[in-house]
Ligand code: CMC
């Protein structure tokens, strides 16, 4: 493909020329984004030429235009609406950054208070929703609970499902951001077998989350300001990260005009994996498995030789080819928390030694693998007393703000349904052998079989089966 510049009276217009296998060429528009990054617009390539691009994992493909988050992976830059993450994490609250991501500007003091109040009065969940939790096994992973419960929200809140109505969109977004900490905390209380703590309107969203997680009705609960601030920073760092796997999933689901709560549930599912939001949990397991600083070389040998598909969890990123700026703030926050809470964590010694060895190792250097946000977040969350199974849940609580902002941006535009092409590598047309699989005849009405369950006292209504006789035996010991 050759880049080409053509000037007309209006200014400089760029086009790229693609030479096709048959020798013909096609001109493709070239777009440039706000950061000066060039994109070849292949939107009409398939309809114009019948040819598709191939980009599994979408490393070279922009799926949308967005004004929310900017990452420069080479320089380690992350901006929310143009503001550096370092400044937002140090100077702003959860509600202020959430407002920024939703509405594009940092709030004034009045707007911030209004927004905080709007969120506060949406933190409770429908009482019937709480009954959902009783259906899960006590040892269910809180992420499993979260996926199910958030999907179910779509059936609870009327006047939120019409994505073409700005008021309904606003309602859905506010409810999602405000209720997520409550939903997450109830998941934890359910797993602990403790009574649910209802949100309190005199607390901020972050304080409320700590209260709902750790308070019990039988005694007074004091919120530790160090813990609350550390948690706030962690949440701000995780709020948005442009078109990552879970955000793309939310946008993908949203492109079919699905219910907004269902779209967020799809994002939670995508976040769960250890390659994405599950990495913070995986980092701690890895550090525990390494056990001592002396065992690091042996562990890294396995990683570098890909024995058992091992990876150094908390290292590497699709976009960052240098330090993840969030990782630096996370490391600083981790140090502060351990110092202020006067905690000593042997896993921190292993993490620090592991980081130094990996950063000086040719395998990691040559692949530009640096610590990402999750390398130190697990140790910090542990120091805050957050149980490991809740790490990814916390990530989801934070990322909900970004998912909602991205969903809203997409819903405001005329978006085409997400429908990638594929490179088909399977069998081409072949015939089902007639001798083994003869053509099925349509059954006639009186050949239908009545199916009766053999359970005592049960005699279900007759059902028609396609000409087959089925006998069902009732087994009182059968697993359900
Ligand atoms: N440990 C060891 N090798 C790695 C790692 C790692 N953590 N990450 C990448 N590599 C190697 C990989 O094996 C491959 O090597 P080779 O060229 O010899 O085959 C090369 O680096 C390129 O890897 P890739 O899989 O093509 O890279 P990717 O951009 O598709 O993957 C990643 C990005 C984040 C999934 C990956 O780096 C990874 O699995 N990291 C560990 C999991 C982790 O920490 N995830 C959290 C990401 S940050 C939180 C978030 O935003 O979700």
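The values are calculated or read from the model by the stated rules, or taken from the named source; none is laboratory data. Computed from a prediction, not measured in an experiment: that's the story for all the values here. So basically every Cβ, Gly included, is an ideal-geometry build from the backbone, and we count neighbours across all protein chains shown.
Residues in the stretch 357-372 that are in a loop (DSSP other than H, G, I, E, B) and surrounded by 15 or more Cβ atoms within 10 Å (Cβ to Cβ): 361, 369, 370, 372. Going residue by residue through the stretch 244-252, is there one that turns out to be surrounded by fewer than 18 Cβ atoms within 10 Å (Cβ to Cβ) and either more than 24 Å from residue 70 (Cα to Cα) or more than 10 Å from the ligand (Cβ to nearest atom) (or both)? The answer is no, given that none of the residues of the stretch 244-252 is surrounded by fewer than 18 Cβ atoms within 10 Å (Cβ to Cβ) and either more than 24 Å from residue 70 (Cα to Cα) or more than 10 Å from the ligand (Cβ to nearest atom) (or both). Selection of the stretch 117-140 for residues being crowded, with 19+ Cβ neighbours inside 10 Å and in contact (Cβ under 8 Å) with a residue 60 or more places away in the chain yields 119, 120, 123, 125.
Being loosely packed, with under 13 Cβ neighbours inside 10 Å and not in a loop (DSSP other than H, G, I, E, B), is that true of even one residue in the stretch 92-109? Yes, the stretch 92-109 contains at least one residue that is loosely packed, with under 13 Cβ neighbours inside 10 Å and not in a loop (DSSP other than H, G, I, E, B).
Here residue 257 meets each of (1) over 19 Å from residue 330 (Cα atoms); (2) surrounded by fewer than 19 Cβ atoms within 10 Å (Cβ to Cβ); (3) over 13 Å from the mean Cα position of the chain (by Cα); (4) within 16 Å of the ligand (Cβ to nearest atom) with one exception, condition (4). The criterion of being away from the ligand (no atom under 12 Å from the Cβ) and either crowded, with 24+ Cβ neighbours inside 10 Å or within 16 Å of residue 279 (Cα to Cα) (or both) does not hold for residue 411.
Just one of the listed residues (3, 23) is in a loop (DSSP other than H, G, I, E, B) and either at pLDDT below 95 or within 30 Å of residue 82 (Cα to Cα) (or both), namely 23. Selection over the stretch 360-390 of residues that are within 14 Å of the ligand (Cβ to nearest atom) and without any contact (Cβ under 8 Å) to a residue 12 or more places away in the chain gives a count of 3.
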